[in-house]
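A quick write-up on the structure given underneath.
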Amino acid sequence: MDDARVLKEATSLSEGGHELVIWGIADDETPAFQQNNGFSIKRISRQMKQNTLLGKLAYSSKFIYHSAKEKADVYHAHDLSTLLECYIASKLNKSKVIYDSHELYIRDFNNKNNYKNLYFYLEHFLIRKVNLVITVNNLISKELQQRYKLENVPSVIMNCPSLSNSEECNRNDELDSKYDGKNVIVFQGVIREGLGLRNLIRSVAYLSDDYNLLMIGDGPILDELIDLSKELSLDDKVHFTGKIPHEKLLSYTKNAHLGVIYPEKYNLSHYYMAPNKFFEYIHSNIPVLVPNYPFLKENVLKYKIGLLADNENPEDFAKHITQFFSNREKYDEMKRNTEVAKNNLNWENEERKLLELYSKL
């Protein structure tokens, strides 16, 4: 269980006087039981393949059984993949249920794929039955309300880091000496499809040796990207850290001078994105180069903390990067503006909203 949103919400609720248990999926790398920041994490093992109908039913049944045994007052479902189980457990205990939608889970519901249509109808039915809907930004909130004709607009709790965590994390001394004199570009997060990461690496080929790209994270296409950087002879300019513990993440990010999110609009959820990394760049006091997508554009222009990239061409993206460092005075102004942004976009503010929502339940 390393989802930053789940852990932040659980910690805040625990410190706010609530007793809670997180149920998640067991794997070979995690213990079945763990005590963490005043709450416990319990994990259920999958004994069948998760991508089979029988495997899904078996796991779902175990999840409902163990969740119902907790006899909770509130069941907090993180994403659609746990909503049905939490809803059933809440009905068995006459409890309340919250649907916390981390993204626009159903991206294309007018689809010939029966599997996707099933999830659309499942969300359509259950979202009307829960006591509270939470999501990550106003765009997804409005989309959910319009799509399912909800009476109330879903509440927004953004995925911002806490001010205390960003202040406690210091720059990594080893990286500091490694990148001395370089303009360091950083991407962090899950290394997966749909994020334009191949083109991001290709863009580095159009940059001089004064630029390095730091890739923080692990994921399904990490090895492929390492091979691509070797193929393009970028070994000295592109560096991969692998997975970094979340509590140490910002100490790596703070060594960079520019945080990037590459443009690749392939579905509505992606277009409406408000990713953790965007807020983490801000809390590391580095300007950002991000796609011209609604949420990102709104905040970049509001706080004057970066530039917008409007196409996916690697050579053009490289030009945007060099534009940052061509005007030092403008760059320093954007860097200073991140202080204002993070004093508004932080977990301390979002935590108050979360606790208030729970108190109303």
Which residues' amide hydrogens lie under 5 Å from the amide hydrogen of residue 44, considering only partners 5 or more residues apart or on another chain, with H built in the peptide plane?
24, 25, 26
Computed over the range 163-344, the relative contact order (Cα-Cα under 8 Å, seq sep at least six) in percent reads 23
³J(HN,Hα) computed for each position of the range 71-78 - Karplus, 6.51 cos²θ - 1.76 cosθ + 1.60, integer Hz, glycine/proline x:
6, 6, 6, 9, 10, 9, 8, 8
If one builds a Gaussian network model of the chain from Cα atoms under 10 Å apart, the most fluctuating residue listed among 126, 83, 289 is 126
Explain nothing, just compute: Karplus ³J(HN,Hα) = 6.51 cos²θ - 1.76 cosθ + 1.60, θ = phi - 60°, for every residue of the range 149-161 in order, whole Hz, x for Gly and Pro.
6, 7, 5, 10, 6, x, 6, 10, 10, 7, 8, 8, x
When a/c is below 1.5 the answer is rounded, else prolate if a/b is larger than b/c, else oblate, so apply that to the range 163-344 with a ≥ b ≥ c taken from the square roots of the Cα gyration tensor eigenvalues.
rounded
When 232, 84, 118, 345 are arranged by how many other beta-carbons sit within 10 Å of their Cβ, fewest first, they go 118, 232, 84, 345
Cut-off 15 Å between beta-carbons: net charge of the residues surrounding residue 173, Lys and Arg +1, Asp and Glu -1
+1
What ranking of 119, 252, 65 emerges when the number of other C-beta atoms within 10 Å of each C-beta is taken as an exposure proxy, fewest first?
65, 119, 252
Please give the net charge around residue 201, taking every other residue with its beta carbon less than 11 angstrom from that of residue 201, where Lys and Arg add +1 and Asp and Glu add -1.
+1
Choose one of 39, 286, 226: the residue whose Cα lies farthest towards the positive end of the charge dipole of the chain (beta-carbon charges +1 Lys, Arg; -1 Asp, Glu; about the Cα centre).
39
FRET efficiency, residue 231 to residue 174 (Cβ-Cβ, R0 30 Å, nearest 0.05)
0.65
Grab the DSSP H runs of the chain that are 4 residues or longer, score each as -39,500 (n - 2.57), total them, divide by all residues and round the 222 nm result to the nearest 500 deg cm²/dmol.
-13500 deg cm²/dmol
Part-to-part distance (alpha-carbon centres) for the range 69-86 and the range 254-310, which is given in Å
32
Out of 201, 282, 41, any idea which swings most in a Gaussian network model of the chain, alpha carbons joined below 10 Å?
41
What fraction of the DSSP beta bridges in the chain is antiparallel, stated in percent and rounded to the nearest 5?
15
Sequence neighbours fewer than 8 away in the same chain don't count; with that in mind, list the lysines whose C-alpha is under 17 Å from residue 62.
42, 49, 71, 91
Ranked on Cβ counts within 10 Å of their own Cβ, fewest leading, 25, 305, 286, 64 go 25, 64, 286, 305
Suppose every K and R has +1 on its Cβ and every D and E has -1 on its Cβ; what is the size of the dipole of the range 163-344 about the Cα centre, in Debye to the nearest 20?
520
Compute and list, largest first, the equivalent-ellipsoid semi-axes of the chain from the alpha carbon gyration tensor, each √(5λ) rounded to a whole angstrom.
36, 22, 21
Taking square-rooted eigenvalues a ≥ b ≥ c of the alpha carbon gyration tensor, is the range 1-92 rounded, prolate or oblate, where a/c under 1.5 means rounded and, failing that, a/b exceeding b/c means prolate?
oblate
For the chain, what's the relative contact order in percent, using C-alpha pairs closer than 8 Å and at least 6 residues apart?
13
Using the Cα centre of the chain as the reference point, and only Cβ charges (+1 on K/R, -1 on D/E), how large is the resulting charge dipole? Debye, rounded to the nearest 20.
1520
With residue 228 itself left out, Lys, Arg at +1 and Asp, Glu at -1 over residues whose Cβ is under 12 Å from its Cβ give -2
Scan around residue 312 for amide H atoms under 5 Å from its own, H built in the peptide plane at 1.01 Å from N, and keep only partners 5 or more places away or cross-chain.
none
Phi to ³J(HN,Hα) by Karplus 6.51 cos²θ - 1.76 cosθ + 1.60 over the range 259-275, Hz, x for Gly, Pro:
x, 10, 10, 8, x, 7, 7, 10, 7, 5, 4, 5, 5, 8, 4, 9, x
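Where a number appears in this text, it was derived from the coordinates with a stated rule and is not lab data. Predicted model, so just to flag it, every value in this text is computed and none were measured. As a convention, Cβ positions derive from the backbone with ideal geometry for all residues, glycine included, and neighbour counts pool all protein chains shown.
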